[in-house]
1. Take K64 and decide whether it is touching a residue at least 12 places away in the same chain (Cβ under 8 Å), among the charged types (D, E, K, R) and over 30 Å from D174 (Cβ atoms).
2. Just for the stretch 149-194: of the residues that are closer than 23 Å to F95 by Cα and of a type in the set (F, W, Y), which one is modelled with the highest pLDDT?
3. Has the stretch 22-42 got any residue that is touching a residue at least 40 places away in the same chain (Cβ under 8 Å), within 30 Å of Y116 (Cβ to Cβ), part of a helix (DSSP H, G or I) and within 14 Å of the chain's Cα centre (by Cα)?
4. Anything in the stretch 82-91 that is buried (at least 20 other Cβ atoms within 10 Å of the Cβ) and touching a residue at least 40 places away in the same chain (Cβ under 8 Å)? List them, or say none.
5. Scan K57, K72 and give me the residue that is surrounded by fewer than 16 Cβ atoms within 10 Å (Cβ to Cβ) and either touching a Phe, Trp or Tyr at 6+ places or on another chain (Cβ under 7 Å) or free of Cβ contacts under 8 Å to residues at least 24 places away in the same chain (or both).
6. Just give me the residues in the stretch 60-88 being more than 13 Å from the chain's Cα centre (by Cα), assigned to a helix (DSSP H, G or I) and of a type in the set (A, V, I, L, M), in sequence order.
7. When only residues in the stretch 123-139 that are surrounded by fewer than 18 Cβ atoms within 10 Å (Cβ to Cβ) and more than 30 Å from N83 (Cα to Cα) count, which is modelled with the highest pLDDT?
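The values are calculated or read from the model by the stated rules, or taken from the named source; none is laboratory data. Only a predicted model underlies this, so the values are computations on that prediction, with no experimental measurement involved. Glycine also receives a Cβ, built like all others from the backbone with ideal geometry; neighbour counts cover every protein chain displayed.
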Amino acid sequence: MGTYIVIGLIVLGVIFAIGIFNNLVKYKNQVDNAFAQIDVQLKRRYDLIPNLIEVAKGYMKHEKETLDAVIKARNSALSSFDNLNPTDASSVSNFNQAEQGLISSMGKMSFVMEDYPDLKANENMIKLHEELATTENRISFARQAFNDGVMVFNTYRQSFPQNFFAPMFGFKSDANMLEFDDKEEIKHAPKVSF
């Protein structure tokens with residue numbers, strides 16, 4: 001009779017551990033899926049920026065430094081994004097800094113564009129700005145969904161007894177949220193007003 005109790009407790013323990021493992025996998029997959037949504041939108045933004053620069057070049061011949069800064073910031077953000085690992089804090093930090101640089105340079109470009117009414121009235125520029133504004137909104141929503149998923153995963157992984165089992169199952173670290181400095185984002189966010 002005692003052996004059945006021990007075997008029963010072992011079976012319950014194994015079932016419990018399997019449940020924890022399956023939930024860790026589920027929450028990690030939700031984080032990965034949310035990150036994939038950000039991936040799509042950021043690539044869309046990175047693809048729109050060179051088109052925006054090409055249209056602006058014809059009008060902003062004396063603003064080469066500003067346009068070059070946007071291209072450099074875009075390339076830096078793209079490179080940082082390509083190397084982004086959401087579970088590595090330094091990788092996320094590097095990405096956040098690169099994104100801040102891009103947001104800042106885009107804000108400066110928008111400010112300089114105010115001096116070029118013909119550029120602001122250009123049909124291609126209007127369409128590109130609308131697409132960029134839509135993309136920025138999508139990025140914001142995707143980032144929020146990602147951060148929500150990260151919070152759920154981290155909370156589950158850090159709770160007892162999951163925090164005991166998680167490292168044994170290969171979930172050694174928390175996922176990191178994508179956070180931008182809100183003051184900088186508001187200060188330098190690309191403005192779409194014509």
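1. no
2. As a first pass, look at the stretch 149-194 and keep what is closer than 23 Å to F95 by Cα: 149-154, 171-191.
Those still in the list that are of a type in the set (F, W, Y) too: 153, 171, 180.
Details: F153: 94, F171: 90, F180: 63.
It comes out as F153.
3. yes
4. Scanning the stretch 82-91 gives a single hit, P86.
5. K57
6. L67, A69, V70, I71, A73
7. K127
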